[in-house]
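Notes for the one structure printed next.
The values are calculated or read from the model by the stated rules, or taken from the named source; none is laboratory data. This is a predicted model, so every value here is computed, not measured. Cβ placement follows ideal geometry from the backbone for every residue including glycine, while neighbour counts extend to all protein chains displayed. Quick note on the areas: whole protein, heavy atoms, side chains included, nothing else; ligands and nucleic acids left out. Shrake-Rupley method; radii C 1.70, N 1.55, O 1.52, S 1.80 Å.
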Amino acid sequence: MPVATDRVVVQNRAMATPRYTHGHHASVLRSHSWRTVENSAAYLLPHLDAGLAVLDVGCGPGTITLDLARRVAPGRVIGLDASETAIATARQSADTTAIAGSGINVEFVVGDAYALDLPDASVDVVHAHQVLQHLTDPVGALVEWRRVVRPGGIVAARDADYEVFSWWPADPRLDRWLGWYRDAARRNGGEPDAGRQLLAWAHAAGFADVTAGASIWCFATPDDRDWWSSTWADRVTVSAFGTQLVAEGIASEDDVAAIADAFREWARHPDAYWTIPHGEIICRR
């Protein structure tokens, strides 16, 4: 049933804001820094025009945010993340990017996706990439994002669907990795198979005009395989995800090392191929 109000009161913020499965280790931020509007938010491109005000929720290291700012300049773009580490990285990236005098208007702030420090109807676009899958209350977050969007504006979200990740060659170690990831994500309050649920969450948040779609990432060239495998080999051993696997008895240190080896071996195979399906929604206010 659609939510009847534009605001949601989070009764227990500790429950609503779960532990972020990936954490903010340098290996994670390096992976996220690969993302651009073209490779991670192409579905949003037809809705971007010069002068729009955009909020990028869960912006991480800010590469998508900066790309959005270039595309809507001189419109204002805000990148928001709960992590001070991520925001510091994003600000550093903005400082080292040639934006002075370019008309690009971007800022990065630490904030709460459930309680935005913005007035009602104050932005044209709210964008979130790979965010809702990590939230205990994705519908509540969408309600809050809907609040700050002007009439005629949009909320856009894209999330992966881990259950339908696919790769070749087959490797039982990678099967175990996927099962462990989905287990850890749910222990942390998230939903790793979020992509297929975006439309339902949007309707539950009170959006009546929703366009749903899908797209994939595909890693099949030598460079792409090397990048994807090396980031995950690091993430599974040194990021918060790998630490959680061992600390909670999901896997042993030897198990984790074997997964890292599996990623590296996969990348060296001449036929290596990996696809990641994503769900996408454009929600009209």
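Counting DSSP beta bridges in segment 30-138, what percent are antiparallel, to the nearest 5?
5
What is the sum of charges, Lys and Arg at +1 and Asp and Glu at -1, for the other residues whose Cβ falls under 11 Å from the Cβ of residue 78? Working shown, then result.
Working: positive: 76; negative: 56, 81, 107, 117.
Surrounding charge for residue 78 is -3.
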Estimated Rh, segment 160-244: Kirkwood, alpha-carbon pairs, angstrom:
15.0
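With the cut-off at 1.5 for a/c, could you classify segment 36-156 from its C-alpha gyration tensor as rounded, prolate or oblate?
oblate
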Quick one: pull the percent of accessible area on the chain belonging to carbon and sulfur, 1.4 Å probe, ligands and nucleic acids left out.
52
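Considering only protein heavy atoms, with the full assembly of protein chains and a 1.4 angstrom probe, order 216, 250, 281 by accessible area, largest first. All intermediate terms of the calculation are to be shown ahead of the outcome.
Working: 216 100, 250 25, 281 0 Å².
Descending order: 216, 250, 281.
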How would you classify segment 216-285 from its alpha-carbon gyration tensor, with a ≥ b ≥ c the square roots of the eigenvalues: rounded for a/c under 1.5, else prolate if a/b is greater than b/c, otherwise oblate?
oblate
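Which net charge results when you count Lys and Arg as +1 and Asp and Glu as -1 among the other residues whose beta-carbon is under 15 Å from that of residue 162?
Value of the local net charge: 0.
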If one takes the longest principal axis of the Cα atoms in the chain, at what angle in degrees, from 0 to 90 and to the nearest 10, does the Cα axis of helix 253-268 lie?
80
With every protein chain kept in place and a 1.4 Å probe, the chain has an accessible area per residue in Å² of 43
Total formal charge among the other residues, if their Cβ is under 10 angstrom from that of residue 111, Lys/Arg +1 and Asp/Glu -1:
-3
Cα axis of helix 172-187 to longest principal axis of the chain: angle in degrees, 0 to 90, nearest 10?
40
Which ³J(HN,Hα) values, rounded to whole Hz and listed in residue order, are derived for segment 78-88 from phi using the Karplus coefficients 6.51, -1.76 and 1.60 in 6.51 cos²θ - 1.76 cosθ + 1.60 with θ = phi - 60°, glycine and proline given as x?
10, x, 10, 8, 6, 8, 5, 4, 4, 5, 4
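Looking only at the chain, where both bridge partners belong to it, what percent of the DSSP beta bridges are antiparallel (to the nearest 5)? Mind showing how you got there, number by number?
Details: 22 of 42 bridges.
Rounded to the nearest five, the antiparallel share is 50 percent.
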Along the principal axes of its C-alpha atoms, what lengths does the chain span, in descending order and rounded to whole Å?
52, 45, 32
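Which of the three applies to segment 196-252, rounded, prolate or oblate, going by the alpha-carbon gyration tensor with a ≥ b ≥ c and a/c under 1.5 meaning rounded? Before the final figure, lay out the partial values.
Numbers: a/c = 4.58, a/b = 1.53, b/c = 2.99.
The shape class here is oblate.
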Nearest 500 deg cm²/dmol is fine: what mean residue ellipticity at 222 nm does the chain get from its DSSP H runs of n ≥ 4 alone, each adding -39,500 (n - 2.57), divided by its residue count?
-11500 deg cm²/dmol
